[in-house]
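Chemist: Got a structure for you, questions after.
The values are calculated or read from the model by the stated rules, or taken from the named source; none is laboratory data. No experiment lies behind these values; they were computed from the predicted model shown. Here Cβ is always computed from backbone atoms with ideal geometry, including for glycine, and neighbour counts include all displayed protein chains. Ligands, DNA and RNA are excluded from the accessible area calculation, which covers all protein heavy atoms including side chains. Shrake-Rupley method; radii C 1.70, N 1.55, O 1.52, S 1.80 Å.
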Amino acid sequence: MGVYQRDERWMVYFHENGRRKDRSFGRGEEARLRAEAFDFAVKQAKEKGFSIPDPAMVTIGVQEGIQTQAAMTVAQTGAVEVCAAPVVPYAAPVAPVVAAAKGITFGQLSTMYLDHLRVSGRTEKHIYTLDKLLKSMFFDILGRNTLVEGMTYLKDIVPFIKQMQGVSPQTKKPRSQACVNRYCDYLDAMFNFGIEMELIARNPMKGRKKAKERPRDVQVNVDDLRRIMDYAEPHIRWAMEVCFNLGTRPGPSELFALRFEHVDFDAGTVRIYATKTKTYRTVPVTATFLDRLRDMREKTKFGFVVEYDGKPLTTIRKSFNKACIKAGITVNVRMYDLRHLFATTMLANGADLAAVSKLMGHSTVKMTADVYYHYLVGEKEKAVGKLPTLAGV
């Protein structure tokens, strides 16, 4: 439950019969007061075991020249009235929600933020990951009941970052800088949401300098992939083949979401939807791989390009890792490395950088260049060769 703003409209969110509901009260100061009054009425009704009141039956009592604060009474008729409780002169400027919400805790803010993500179209995987991190780590370090307004960069965020830089209980290894940065970005986004909704006045992450991440080196090549496939189960081999030929992001976001209806067998292309960027991209495929897709279409039961035993997949990490061990691969390797090899193999063989960027689904060519430009064989030498000679021969 809580009051927030959307497009300058004052909104109240609450749960009824296990489902979230959002109620709009319009724009302006009166709308804010009605929203706060209804929010207060809902909380009181829930505490007393009453049903959610009708917003039309929640009124605001105002003494002349005085701005009032919600103080609810429930009449025998069932009508809910918000009675006058003098706070400040009506003309005095008051931050609408910040003044009323200075006592918001980190736990309360995180709950509101997760609800915001759910109605904003973020993927269930992203929401689940953040919810799990909050419960398993963030609350333990920062405190579920810690008042956000009392949190500071030096007192709370620096110790959080230092602890995140330590050893992960799951992997028994120090977390990478990319992982630490991602956790901090989650917090930063949450606090910025609080400011935007006027739930808090400032972001305790202010002052943090994002540490530079060391680029991950792909230490396997195409021959290594073939060796891994020799030891992999059939569905793993096929998943690797699809990932390498289409450059998909592995996992539910792209690879396991692909269906045969996304394949245009006449045009020889596959249409991929990227949940990360909310965009579609079309990837041409070779004649050989198109034939492989035709063969696998005959075996599908659910219409997914990659299935296991006639069922959709959500992860293949353990089976893939087992195949790597059996193949004698000693370096760290992930399914995501196949996407990297999709790009680097084309670039190393003279493919156009802009074309590869489109195939990867990157938002800009700069993003592709920052990661992959050094794989463009001979491009620097070719550029230097364009320089004229200054000295006479």
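Chemist: Which numbered condition trips up L199, out of (1) in contact with a strand residue (DSSP E or B) (Cβ under 6 Å, 6 or more places away or on another chain); (2) surrounded by 19 or more Cβ atoms within 10 Å (Cβ to Cβ)?
Modeler: With (1) in contact with a strand residue (DSSP E or B) (Cβ under 6 Å, 6 or more places away or on another chain); (2) surrounded by 19 or more Cβ atoms within 10 Å (Cβ to Cβ) applied to L199, the lone miss is (1).
Chemist: Do you know which of the residues in the stretch 278-298 that are closer than 21 Å to R122 by Cα and among the basic types (K, R) is surrounded by the fewest Cβ atoms within 10 Å (Cβ to Cβ)?
Modeler: So, considering only residues that are closer than 21 Å to R122 by Cα and among the basic types (K, R), the one surrounded by the fewest Cβ atoms within 10 Å (Cβ to Cβ) is K278.
Chemist: So which residues in the stretch 236-256 are under 20 Å from L290 (Cβ atoms) and of a type outside the set (D, E), if there are any at all?
Modeler: Scanning the stretch 236-256 gives R237, W238, A239, M240, V242, C243, F244, N245, L246, G247, T248, L255.
Chemist: Just checking, does the stretch 178-196 include any residue being open to solvent by less than 40 Å² (accessible area, probe 1.4 Å) and assigned to a loop (DSSP other than H, G, I, E, B)?
Modeler: Taking every residue of the stretch 178-196 in turn, none turns out to be open to solvent by less than 40 Å² (accessible area, probe 1.4 Å) and assigned to a loop (DSSP other than H, G, I, E, B).
Chemist: Could you tell me whether the stretch 239-252 includes any residue that is of a type in the set (D, E, K, R), open to solvent by 30 Å² or more (accessible area, probe 1.4 Å), within 30 Å of L313 (Cβ to Cβ) and assigned to a helix (DSSP H, G or I)?
Modeler: yes
Chemist: Return a yes/no flag: does the stretch 4-13 have any residue that is touching a residue at least 12 places away in the same chain (Cβ under 8 Å) and more than 17 Å from E198 (Cα to Cα).
Modeler: no
Chemist: Name the one entry in D266, D217, D223 that is of a type outside the set (F, W, Y) and in a helix (DSSP H, G or I).
Modeler: Every option except D223 fails the conditions.
Yes/no per residue for (1) of a type in the set (G, A, S); (2) open to solvent by 80 Å² or more (accessible area, probe 1.4 Å); (3) in contact with a strand residue (DSSP E or B) (Cβ under 7 Å, 6 or more places away or on another chain); (4) within 16 Å of V218 (Cβ to Cβ):
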site	(1), (2), (3), (4)
V270	no, no, yes, no
K276	no, yes, no, no
F302	no, yes, yes, no
L313	no, no, yes, no
A323	yes, no, no, no
M335	no, no, no, yes
L338	no, no, no, yes
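Chemist: Still on this structure: What tally of residues in the stretch 123-162 results from selecting those that are closer than 13 Å to Y186 by Cα, surrounded by 13 or more Cβ atoms within 10 Å (Cβ to Cβ) and out of contact with any Gly (no Cβ under 9 Å at 6 or more places or on another chain)?
Modeler: Selection size over the stretch 123-162: 10.
Chemist: For T171, only one of the following conditions fails: (1) outside any helix (DSSP H, G or I); (2) open to solvent by 100 Å² or more (accessible area, probe 1.4 Å). What is its number?
Modeler: Against the list (1) outside any helix (DSSP H, G or I); (2) open to solvent by 100 Å² or more (accessible area, probe 1.4 Å), T171 comes up short only on (2).
Chemist: Same structure again: Under the condition of being among the acidic types (D, E) and loosely packed, with under 15 Cβ neighbours inside 10 Å, which residue from the stretch 26-67 is modelled with the lowest pLDDT?
Modeler: E64
Chemist: In the stretch 279-292, how many are touching a residue at least 24 places away in the same chain (Cβ under 8 Å) and within 19 Å of P252 (Cα to Cα)?
Modeler: 3
Chemist: Only one of these is among the small types (G, A, S), farther than 14 Å from L359 by Cα and free of Cβ contacts under 8 Å to residues at least 60 places away in the same chain: G328, G303. Name it.
Modeler: The conditions single out G303.
Chemist: Based on what the data block shows, is A355 small (G, A, S), part of a helix (DSSP H, G or I) and open to solvent by less than 60 Å² (accessible area, probe 1.4 Å)?
Modeler: The answer is yes for A355.
Chemist: Another question, then. Could you check how many residues of the stretch 295-329 are among the polar types (S, T, N, Q) and in a helix (DSSP H, G or I)?
Modeler: Number satisfying all stated conditions: 2.
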